[in-house]
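What follows draws every value from the coordinates through simple rules; no lab data is involved. Since the model is a prediction, treat every value here as computed from it, not as a measurement. FYI the Cβ positions are ideal-geometry reconstructions off the backbone, even for glycines, and counts take in every protein chain you see.
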Amino acid sequence: MKSQFSRTELLIGKEAIEKLHKAKVAIFGIGGVGSFVVEGLVRAGIQNFVLVDNDEISLTNLNRQLIATHKTIGRPKVEVAKERILEINPNANVEVYKQFFMPDSNMILDESIDYIVDAVDTVTAKIELVMRANKLNIPIISSMGTGNKLDPTQFEVTDIYKTSICPLAKVMRKELKARGIEKLKVVYSKEDPIKLNISDIKTDSLEEFQDSDKCSKKQVPGSISFVPSVAGLIIAGEVIKDIIK
């Protein structure tokens, strides 16, 4: 009998589909990368989700985030993502946490999670996710920087200690080494970041960044539709392949 996963089952087999249905994946950060991770996972057959993000959708999200439309501006990203998941697969189970994940965050990660996706932007949160994943022995994959990039063909899946070029990866290597973390699967770009001329950007368009610890008026990242989306789908593919292998 046909199902919405019939074509996928032809490719990976019934047993693999059943594994995906049973797996529970936590995605931290439902933005340019994370929203496409969610899309790739639910369409492939993942049915149990934990979504974590404190932000509401804004006007400047429209250029790259799957869940951002003029109708969803102002709404919590986790709620819009949950609705989209259930529209694609009504049998899915979705837990949402509208909060920033930081070292003092509790009640999100436990042994029920089969895989963690780190698609957040702050180094503090990324390190804490890796540390908790290591403690709980849960597989994790982290997205490195996708801002200020134009070439999606330069993404690569590798270990954090084999990365180069990416400024965020450099910081992560140093911090994880200091904490005794020996490995971390990441998606990163080998493309040199493009230098921006932010003097051409109107001041009022920068205001939304001022409450974030990742940006300032001198550090607003440029972005485009086809770069973070590719990183997100690559991550989704790695999660799926790891779960079914």
query = DSSP beta bridges in the chain, what fraction antiparallel, as a percent rounded to 5?
reply = 25 percent
request  = Taking each pair of different alpha-carbon atoms in the chain once, compute 1/r for the pair, average those values, and report the inverse of that mean as the Kirkwood hydrodynamic radius in Å to one decimal.
outcome  = 18.5 Å
request  = Quick one: Debye curve from the alpha-carbon atoms of region 38-162 only, equal weights, vacuum; give me log10 I(q)/I(0) at q = 0.14, 0.15, 0.23 Å⁻¹ to two decimals.
outcome  = -0.71, -0.82, -1.58
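Order of K22, K2 from fewest to most other C-beta atoms within 10 Å? Numbers along the way, then the final one.
On the way: K22 13, K2 7.
Ranked by crowding around the Cβ, least crowded first: K2, K22.
To the nearest 0.05, what FRET efficiency results for I165 and M1 with a Förster distance of 41 Å applied to their C-beta separation? Display every interim value, and only then the final one.
Values: r = 49 Å, r/R0 = 1.19.
That gives a FRET efficiency of 0.25.
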Cβ-based charge dipole, the chain, positive-most Cα from T8, T69, N93 = T8
key: Spread of Cα-to-Cα distances over 10 Å intervals beginning at zero, given as percent, for region 124-191   = 21, 55, 21, 3
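Over the chain, what is the relative contact order in whole percent, taking alpha-carbon pairs under 8 Å and six or more residues apart?
Numbers: 431 pairs, mean separation 55.3, N = 245.
Over the chain, the number comes to 23 percent.
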ask   = Per-residue ellipticity at 222 nm for the chain, helices alone: DSSP H runs ≥ 4 residues times -39500 (n - 2.57), over residue total, nearest 500 deg cm²/dmol?
value = -10500 deg cm²/dmol
query = Ranking D53, D114, D104 by Cβ neighbours within 10 Å, fewest first, what do you get?
reply = D104, D114, D53
query = To the nearest 20 debye, what charge dipole does the chain have about its Cα centre, counting +1 at the Cβ of each Lys and Arg and -1 at the Cβ of each Asp and Glu?
reply = 540 debye
